[in-house]
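*Asks:* I am attaching a structure below and will ask some questions about it afterwards.
Bear in mind that the values in this text are calculations on the coordinates, not laboratory data. If you're wondering where the values come from, they're calculated on a predicted model, not measured in any experiment. Here the Cβ is made from the backbone with ideal geometry for all residues, glycine too, and neighbour counts use every protein chain on show.
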Amino acid sequence: MLLDKKDMPIVAMEFMNDVHAQDIEIINALYETILQYEATPNEENKKALIEQYSAWFEHTLEHFHGEEVLMVEKKFPPYPMHKGEHDKALALMDDVLRNFNQTGDIVALKYYITQSVPQWFVQHIQSMDTVTAMFFKSGMSPCSMR
Ligand SMILES: [Fe+2]
Ligand SMILES: [Fe+2]
């Protein structure tokens, strides 16, 4: 197991917490396919890894989209900032997969999943998602907080 749900920061909106918990399960399953490929780097294990990575990518698209739709609907003022972090994260996810597909370089992909992603995930939830969820719940804009 790479990520523990107990360490997941909780935000004020249950639907967001649910999506984050699903994300942890998918990342943990992805981590298993990485270990598998690392131990036995054959085509079958590469395919399993890419499939799980793609499932994670699809889930992340929905995860981000779900937050963005509500931000637009509720006219969340710092929407471009939050959306910008999502877009950057998706671009990097895509880059890493593309690179692995071409080179089979498990070291770079493993480093990304075990070091960069957990850190990003927690940091993003603690900042962007926390403030956004609070806004969804109370209608209070972080710009008007004193
Ligand atoms: Fe989120
Ligand atoms: Fe987010």
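*Asks:* Have a look at 63, 130, 34 and report the one farthest towards the positive end of the charge dipole of the chain, computed about the Cα centre with Cβ charges (Lys/Arg +1, Asp/Glu -1).
*Replies:* Checked the options; the winner is 130.
*Asks:* Tally Lys and Arg at +1 and Asp and Glu at -1 over the other residues with C-beta under 14 Å from the C-beta of residue 14: what net charge comes out?
*Replies:* Net charge around residue 14: -2.
*Asks:* Give me the net charge for the shell around residue 24: Cβ to Cβ below 12 angstrom, other residues only, Lys and Arg +1, Asp and Glu -1.
*Replies:* -3
*Asks:* Would you mind calculating the gained length between residue 25 and residue 94 on full extension (0.36 nm times residue separation, minus the Cα-Cα distance), in nm to one decimal?
*Replies:* Contour length minus the Cα-Cα distance gives 22.9 nm.
*Asks:* Please give the charge dipole size of segment 1-114, origin at the Cα centre, charges +1 on K and R Cβ atoms and -1 on D and E Cβ atoms. Round to the nearest 20 debye.
*Replies:* 240
*Asks:* Does anyone have the angle between helix 79-103 and the longest principal axis of the chain? Alpha-carbon axes, 0 to 90°, nearest 10?
*Replies:* 0
*Asks:* Okay, next question. Order 127-134, 84-91 from most to least packed using the mean count of other Cβ atoms within 10 Å.
*Replies:* Order by mean packing, descending: 127-134, 84-91.
*Asks:* Rounded to the nearest 10 degrees, what's the angle between the helix 14-39 long axis and the longest principal axis of the chain, both from Cα atoms, 0 to 90?
*Replies:* Helix 14-39 sits roughly 20 degrees off the main axis of the chain.
*Asks:* While we're on this one: What is the angle, in °, between the Cα long axis of helix 43-73 and the longest principal axis of the Cα atoms in the chain? Nearest 10 is fine, range 0 to 90.
*Replies:* In the chain, helix 43-73 runs at an angle near 10 degrees to the longest axis.
*Asks:* Under 1.5 on a/c is rounded, so check that first for segment 3-62, then, if it is not, pick prolate when a/b is larger than b/c and oblate when it is not; a ≥ b ≥ c are the square roots of the alpha carbon gyration tensor eigenvalues.
*Replies:* oblate
*Asks:* Calculate the length of the line joining the C-alpha centroid of segment 29-65 to that of segment 66-133, in whole Å.
*Replies:* So the separation of the two Cα centres works out to 16 Å.
*Asks:* Next question, about the same structure. If Lys and Arg each add +1 and Asp and Glu each add -1, what is the summed charge of the other residues whose beta carbon sits under 13 Å from the beta carbon of residue 87?
*Replies:* -3
*Asks:* Amide H neighbours of residue 13 under 5 Å, at least 5 residues apart or on other chains, H built in the peptide plane: list them.
*Replies:* Amide H to amide H, under 5 Å and 5 or more residues apart or across chains, residue 13 pairs with nothing.
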